[in-house]
Amino acid sequence: MTCVGIESTAHTFGIGIVKYPPFQILCDVRRVYRPVSGGIHPSEAAKHHMEKAVDALREAASRVDFRKIDIVAFARGPGLGPCLRVGAALARMLSLKLEKPLVGVNHAASHINIARVLTKAINPVILYVSGGNTQVLHVSGDKYVILGETEDIAVGNLIDVFARKAGLGFPGGPRVMELASKSNRLVKLPYSIKGMNVSFSGMLTMLERLIGRESVEDLCFSLQETAFSMLIEVSERAMAMLGVNEFIIAGGVGANMRLRQMAGEMCRERNAVFKDYPPEYYADNGVMIAWEGVVQYLLGERLSIEDSIVKPRWRITDVKPPPARLYEN
Ligand code: ATP
Ligand code: FE2
C-alpha cells in the first residue's frame, strides 16, 4: 500500500509518500517557515503553509503518480490550530478527489514510529525531544506510557528561547550546536531532575542572566552539556527500571550530534544499543505522517470527512501504538 502524509502542525509544511511492505520512502517534500523576528506566529505560519501547499503538492506529484495512492494521512494534532487546518483541508480534498480513505494521525506518535521503522527497534525506551515536548516513553501492550517528562518547558523551547535572546535567530538548535562545538568550557548551570522528570526553566533564567557576561560559545556548550546530561540520565534510569536494552530518540532536538553521541556512550556503558537514523528524519516531515498513516490504517483507523476536525491538544496516551511485530523483519 502507498500512503501520502501531510505535516503542518507548526513550522514545516511537508508532503511525504511511503510504500509498505517493505517500508520504502518514495517522496519527501518540505517547505519550512522561518519567522522574520521572534518565535513562530501561528497565523503567519499558516499563511506560509497555504502559500506553499500547491507548489509542494506539484513537486510530490512530479515524483509519484497520485493514482497509485491508497491512503491519505494528515497530522491531526497536537499543534497550532491555524496550521493544522491547512494540512487537514488539503488532506480532505485529496481524499475526496482520489476516493481513498482519510486517516488523521498524532504528530508525536509519528515522530516515534518513524524512528522505530528506520531503526527496527522492537522494545525501546524512547526519548521524545522537540520544540514542544520532552518525554521519556515506553510502549506497554497497546499503550504509550510516559515514564518521565518536563515539569515546565521543553528542551527545544529552552534552546529556541535562549537562542532568540542571544540574537542567534530561530530555530536555535542548529546554531547552538555549531557554536557549542567551538567551546569546551563548562559554565555551571542548574541541573534539575526529580525521579524521571526534568525541569529547564531555572536553567533558562540563569542563561538569560549570563548573556553578555560569558561568551556565547561557552553558554551554548554549557547548555548542551547540562541539558543533554539530564535527558540521558533520566533515559538511563528508565532503561534500568524496565530492564530494556534498546534506546531511540525522536523529535527535532534529536538532530543534535552531541545528544546522539551522549546517547551512544550511555548505551555502550550499560551494554545496550542506541539505534540511530539519518538526522533529517528527526525534524518534522511528511514521511513520518505517511508512515503513521499506514500504521493507523493497519490498526483499522478511518476518518470520515465530517469527523475530521483537528485536535490541537491530542495527547499521545490517547493513541494506539502498533504491535511490535510490525518492526520484526
Ligand atoms: P513537536 O510538536 O514535536 O514539539 P516541533 O514543532 O517542535 O514539534 P520538531 O521539528 O520536532 O518540531 O523540533 C523542532 C525543535 O528542534 C526546535 O526547538 C529546534 O531548535 C530543535 N532542533 C533542530 N535542530 C537541532 C539541533 N541540531 N540541535 C538541537 N536542537 C535542534
Ligand atoms: Fe515535531
### Task
Take the alpha-carbon centre of segment 260-298, take the same for segment 69-145, and report the distance between them in whole Å.
14
### Task
Have a look at 213, 237, 175 and tell me which one the Gaussian network model of the chain (Cα, springs below 10 Å) gives the largest fluctuation.
213
### Furthest towards positive pole of dipole, 56, 244, 207, structure part the chain, Cβ charges
56
### 10 Å binning of all Cα-Cα separations within segment 258-329, expressed as whole percents from 0 upward
14, 33, 34, 15, 4, 0
### Query
From the residues 267, 314, 129, which one has its Cα farthest along the dipole of the chain in the positive direction, the dipole being from +1 and -1 charges on Cβ of Lys/Arg and Asp/Glu about the Cα centre?
314
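Length gain on complete extension for the stretch residue 194 to residue 245, per 0.36 nm per residue less the alpha carbon to alpha carbon distance? The partial results should precede the final answer.
Numbers: separation 51, 0.36 × 51 = 18.36 nm, distance 2.27 nm.
16.1 nm is the gain from fully extending residue 194 to residue 245.
What is the magnitude of the charge dipole of the chain about its Cα centre, with +1 placed on the Cβ of each Lys and Arg, -1 on the Cβ of each Asp and Glu, and no other charges, expressed in debye to the nearest 20? Spell out each step's value before the answer.
On the way: 39 positive and 34 negative charges, 73 e Å.
About 340 debye.
Membrane-span-like helices in the chain: DSSP H runs reaching 20 Å or more (Cα, own axis), mean Kyte hydropathy at least 1.6?
Numbers: long enough: 42-63 (30 Å, -0.90); 81-98 (25 Å, 0.94); 216-242 (39 Å, 0.69).
Correct list, ordered by number: empty.
Assuming 0.36 nm per residue, please report the length gained on full extension of the stretch residue 51 to residue 181 beyond their Cα-Cα distance.
On the way: separation 130, 0.36 × 130 = 46.80 nm, distance 3.64 nm.
Stretched out fully, the residue 51 to residue 181 stretch lengthens by 43.2 nm.
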## Note on the structure
Answer in debye to the nearest 20: the dipole magnitude of segment 123-274 about its Cα centre, from +1 Lys/Arg and -1 Asp/Glu charges placed on Cβ, is 260
#### Entry: Rg(Cα)/(2.2 N^0.38 Å) for segment 123-274, N = residue count
1.01
## Note on the structure
If the chain between residue 318 and residue 273 were fully extended at 0.36 nm per residue, the gain over the current Cα-Cα distance would be 13.4 nm
#### Entry: Nitroxide proxy distance, nm - points 7 Å out along Cα→Cβ at residue 59 and residue 257
2.5
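Identify the GluC sites (Glu not before Pro) of segment 269-329 meeting these criteria: DSSP loop state and at most 11 other C-beta atoms within 10 Å of the C-beta. Can you show the working numbers first?
Numbers: sites: 269, 280, 292, 301, 306, 328; in loops: 301, 328.
Those that pass, being in a loop and sparsely packed, are 328.
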### Message
Check which residues have an amide H placed less than 5 Å from residue 148's amide H, if you skip close sequence neighbours.
### Response
136
### Task
Have a look at 132, 14, 243 and tell me which one the Gaussian network model of the chain (Cα, springs below 10 Å) gives the largest fluctuation.
243
### Task
Taking the Cα atoms of the chain, report the difference between the largest and smallest coordinate on each principal axis, in whole Å and largest first.
59, 46, 30
### Task
Note down the magnitude of the dipole of segment 138-195 about its Cα centre, charges +1 on Lys and Arg C-beta and -1 on Asp and Glu C-beta and zero elsewhere, to the nearest 20 debye.
380
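Any read-out appearing in this document is the output of simple, stated calculations on the displayed coordinates, not a laboratory observation. If you're wondering where the values come from, they're calculated on a predicted model, not measured in any experiment. Note that each Cβ is placed from the backbone with ideal geometry, even for glycine, and that neighbours are counted across all protein chains shown.
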